[in-house]
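Below is one structure, written out as structure tokens; the observations come after it.
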Amino acid sequence: MSYNILGINPGHNGSACLVSDGELKYYLEEERLSRLKYDGNPFKSMIDIMSKYHVDELVIVGTYPDHPILPWTMEDVYTGLVRKHYPNVKTTLLGQEHHLTHASCAFYNSGFKKAIAVIVDGAGTYKDISMNEEGSVKAKGCETESVWACEYPSKFTVLHKVFGDNTQNRMVNDKFDVGNSVTIVKAYEAVTNYLGFSFLEAGKTMGLSSYGKDNTNIPQLFKDNRGSKDIFIPDYPRGAYIDDQSNPAFKRNRDPKNFHHNSNEVLDIEKDLAYKIQQETQEKVGDLIEQAISITGLKKVVLSGGYGLNCVANYYLQKRFPNIELYCEPISHDGGTAVGGAKLSWHERTNDKIIRKQTSLYYGPKYTENHVKSVVKSVENKYNTYVGNPKNVAELLSENKIVAIYQGSSEAGPRALGNRSILYNPTDPNGKDFVNKVKGREWFRPFAGTVLEENANEWFDFAGMKSSPFMMYAVDVKQDKIPAITHIDGTCRIQTINEKQNKNYYDVINEFKNITGVPIVFNTSFNLAGQPLVETVEDAIQTLEDSKMNYLYLPEINIILEKK
């Protein structure tokens with residue numbers, strides 16, 4: 001019988017996964033079931049896994065080694081839940097090694113035999129640090145940046161670590177840098193907060209950054225490899241803030257939320273600060289990679305931690321290091337640490353050296369065709385139902401109709417890759433503003449696209465990459481025919497697709513190409529602003545009900561639903 005490990009991340013981006021004999025079989029973030037954005041404590045996901053798989057081992061990751069204890073049995077709450085289903089379950093706690101689980105997720109998914117792992121994160125595990133060999137000089141702080149040398153089956157060697165704390169005085173040795181100033185992601189979070197967003201919404205800052213420019217009124221953001229204390233106020237582990245009271249350049253007379261849905265309200269200081277933090281942080285990450293390469297000589301690099309989702313930075317790094325192989329982990333936020341913890345436990349336990357390169361992200365639950373049909377039948381009084389095929393969908397898209405697609409298992413991580421996507425015509429000059437309005441998103445946020453893999457290099461500059469199946473890079477656009485998905489800086493976050501990866505989605509794009517000559521569709525996540533991606537077909541239909549979208553394509557049952 002297979003050995004099954006249930007890995008869970010209890011914190012924000014709470015997730016559960018199932019690794020069976022070293023292979024990832026299932027991954028789901030709790031928000032998809034609870035419908036609460038960034039939800040933690042993945043009880044629903046755990047229960048769904050336990051209803052489908054036996055569990056031999058529970059691996060609990062996160063940022064803390066301890067968890068709430070149940071009365072009477074004195075177990076942590078997660079072990080208690082699993083034990084009710086599988087009495088002989090073994091529990092492994094890895095919350096004391098947050099960055100290690102980021103590193104292991106990226107390394108084991110990369111397909112590399114040896115690699116450098118660069119983890120750039122907001123706040124990992126809070127640790128006591130020995131600053132000398134005797135252990136007599138101590139420091140403390142949260143992990144913020146880590147560099148590891150990784151090798152099968154389970155050898156992870158720390159090369160460099162940066163820690164942050166609100167009170168710890170600066171201490172530096174040849175391996176560790178500890179202090180009470182902000183680091184890369186905390187500086188980015190401070191700017192994100194200044195712009196009126198939550199600390200976890202850094203992607204919005206990234207989108208706005210392309211509207212900015214160099215501004216000499218903005219002081220230097222980083223000094224001596226950490227955020228300037230003249231600008232940033234740390235609040236570890238939660239976030240950080242801009243000191244706008246002490247810096248005249250940052251003072252404003254109105255709420256920053258005023259510009260979120262009105263482009264006339266945005267100030268130069270807001271656009272330019274977003275630009276500056278994007279430029280300076282991606283350079284800092286590049287410096288970390290450069291330092292690691294010089295130490296190890298390794299030319300394979302994996303990137304994870306929250307900053308790994310910064311597709312603008314990822315493309316910058318790809319161009320800065322043309323002679324290395326770079327793997328940007330698509331589940332690089334904290335949800336991915338559940339996978340990292342489960343895989344690390346497996347490889348440590350078995351000394352397994354099999355390399356399992358990640359080739360798909362469709363790891364969510366499977367729903368039967370009969371279930372989908374029954375849900376469709378229950379809403380037939382509200383929808384016209386007709387036979388749907390890729391050509392029908394492509395025709396609707398060519399007529400500037402929004403069509404949502406729902407099929408198969410949901411995507412792991414935050415990117416929609418054709419199973420839970422909203423599709424549109426990328427050639428519509430007004431497409432970005434139109435779809436942003438329908439979804440309720442901010443005006444400055446760009447949209448992604450999906451291109452047929454065989455045509456990708458005709459339309460995009462991949463900077464030496466052969467493909468981009470997980471939509472992890474905002475690449476330069478070569479042609480001016482797709483304005484709806486071309487950002488103001490001339491880039492597009494793009495997914496390449498081939499027939500083997502997702503035939504139904506491939507066929508839609510191929511038919512769109514036959515009609516328009518453009519082998520690309522506009523692709524955004526199937527949700528409305530502030531909501532998680534849809535998970536169930538019920539979620540999909542409810543999202544249509546709550547929006548001005550009119551079409552839902554269900555390729556597995558060859559149906560298109562149209563609002564009456």
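The values are calculated or read from the model by the stated rules, or taken from the named source; none is laboratory data. Quantities reported herein were computed from a predicted structural model and do not represent experimental measurements. So basically every Cβ, Gly included, is an ideal-geometry build from the backbone, and we count neighbours across all protein chains shown.
Can you run down the residue pairs with Cβ atoms below 6 Å, 6 or more apart or on separate chains, where the first is in region 151-171 and free of Cβ contacts under 8 Å to residues at least 60 places away in the same chain and over 23 Å from residue 106 (Cα atoms) and the partner is hydrophobic (A, V, I, L, M, F, W, C) and assigned to a strand (DSSP E or B)?
168/139; 168/178; 171/139; 171/178
For residue 92, are the conditions met, namely being under 27 Å from the mean Cα position of the chain (by Cα), polar (S, T, N, Q), assigned to a strand (DSSP E or B) and not assigned by TED's automatic domain parsing to the domain that holds residue 286?
On the way: under 27 Å from the mean Cα position of the chain (by Cα): yes; polar (S, T, N, Q): yes; assigned to a strand (DSSP E or B): yes; not assigned by TED's automatic domain parsing to the domain that holds residue 286: yes.
Judged against the criteria, residue 92 is a match.
Among 196, 141, which is over 19 Å from the mean Cα position of the chain (by Cα), more than 28 Å from residue 355 (Cα to Cα), assigned by TED's automatic domain parsing to the domain that holds residue 303 and buried (at least 21 other Cβ atoms within 10 Å of the Cβ)?
Being over 19 Å from the mean Cα position of the chain (by Cα), more than 28 Å from residue 355 (Cα to Cα), assigned by TED's automatic domain parsing to the domain that holds residue 303 and buried (at least 21 other Cβ atoms within 10 Å of the Cβ) holds for just one of 196, 141, which is 141.
Going through region 495-534 one residue at a time, which ones are within 24 Å of residue 363 (Cβ to Cβ) and of a type in the set (Val, Ile, Thr)?
496, 497, 508, 509, 521, 524, 534
For region 471-534, which fully contained strands (runs of 3 or more DSSP E) count at least 1 residues that are under 30 Å from residue 274 (Cα atoms), aromatic (Phe, Trp, Tyr) and assigned by TED's automatic domain parsing to the domain that holds residue 557?
Working: elements: 474-477, 491-497, 520-525.
Hits in region 471-534: 520-525.
Starting from region 110-132, take each residue that is farther than 18 Å from residue 62 by Cβ and touching a residue at least 60 places away in the same chain (Cβ under 8 Å) and list its partners that are acidic (Asp, Glu) and part of a loop (DSSP other than H, G, I, E, B), counting only C-beta distances under 8 angstrom and pairs at least six apart or across chains.
110/329
Of everything in region 232-275, what is among the aromatic types (Phe, Trp, Tyr) and out of contact with any helix residue (DSSP H, G or I) (no Cβ under 6 Å at 6 or more places or on another chain)? Give them in sequence order. If you could, list the steps in order and put the result at the bottom.
Narrowing region 232-275 to residues among the aromatic types (Phe, Trp, Tyr): 232, 236, 241, 250, 259, 275.
Answer for region 232-275, where residues must be among the aromatic types (Phe, Trp, Tyr) and out of contact with any helix residue (DSSP H, G or I) (no Cβ under 6 Å at 6 or more places or on another chain): 236, 250.
Could you check region 19-33 and list, in sequence order, the residues that are in contact (Cβ under 8 Å) with a residue 60 or more places away in the chain and of a type outside the set (Asp, Glu)? I'd like the intermediate steps shown before the answer.
The initial filter retains those residues of region 19-33 that are in contact (Cβ under 8 Å) with a residue 60 or more places away in the chain, namely 19, 21-29, 31-33.
Once the filter is applied, which keeps residues that are in contact (Cβ under 8 Å) with a residue 60 or more places away in the chain and of a type outside the set (Asp, Glu), region 19-33 yields 19, 22, 24, 25, 26, 27, 28, 32, 33.
May I ask you to verify whether residue 157 is out of contact with any Lys or Arg (no Cβ under 8 Å at 6 or more places or on another chain) and in a loop (DSSP other than H, G, I, E, B)?
Numbers: out of contact with any Lys or Arg (no Cβ under 8 Å at 6 or more places or on another chain): yes; in a loop (DSSP other than H, G, I, E, B): no.
No: the conditions fail for residue 157.
What pairs can you find where one residue is in region 71-89 and of a type in the set (A, V, I, L, M, F, W, C), the other is assigned to a helix (DSSP H, G or I), and their Cβ atoms are less than 6 Å apart, with a gap of 6+ or different chains?
89/82; 89/83
Given the criteria crowded, with 19+ Cβ neighbours inside 10 Å, of a type in the set (Gly, Ala, Ser) and closer than 29 Å to residue 199 by Cβ, does residue 449 qualify? Lay out the reasoning, then the answer.
Numbers: crowded, with 19+ Cβ neighbours inside 10 Å: yes; of a type in the set (Gly, Ala, Ser): yes; closer than 29 Å to residue 199 by Cβ: yes.
Yes, satisfied.
Tell me, which residue of region 212-251 that is among the hydroxyl-bearing types (Ser, Thr, Tyr) and either touching a residue at least 60 places away in the same chain (Cβ under 8 Å) or in a strand (DSSP E or B) (or both) is surrounded by the fewest Cβ atoms within 10 Å (Cβ to Cβ)? Walk me through it before giving the result.
Residues of region 212-251 that are among the hydroxyl-bearing types (Ser, Thr, Tyr), as a first pass: 216, 228, 236, 241, 246.
Next, from what is left, pick out any that are either touching a residue at least 60 places away in the same chain (Cβ under 8 Å) or in a strand (DSSP E or B) (or both): 236, 241.
Working: 236: 22, 241: 18.
In this case the residue turns out to be 241.
Any residue that is modelled with pLDDT under 95 and either loosely packed, with under 15 Cβ neighbours inside 10 Å or touching a strand residue (DSSP E or B) at 6+ places or on another chain (Cβ under 8 Å) (or both) - is there at least one of those in region 348-369?
Taking region 348-369 and keeping what is modelled with pLDDT under 95, we get 366.
Narrowing further to those that are either loosely packed, with under 15 Cβ neighbours inside 10 Å or touching a strand residue (DSSP E or B) at 6+ places or on another chain (Cβ under 8 Å) (or both): 366.
Yes; the residues of region 348-369 include at least one that is modelled with pLDDT under 95 and either loosely packed, with under 15 Cβ neighbours inside 10 Å or touching a strand residue (DSSP E or B) at 6+ places or on another chain (Cβ under 8 Å) (or both).
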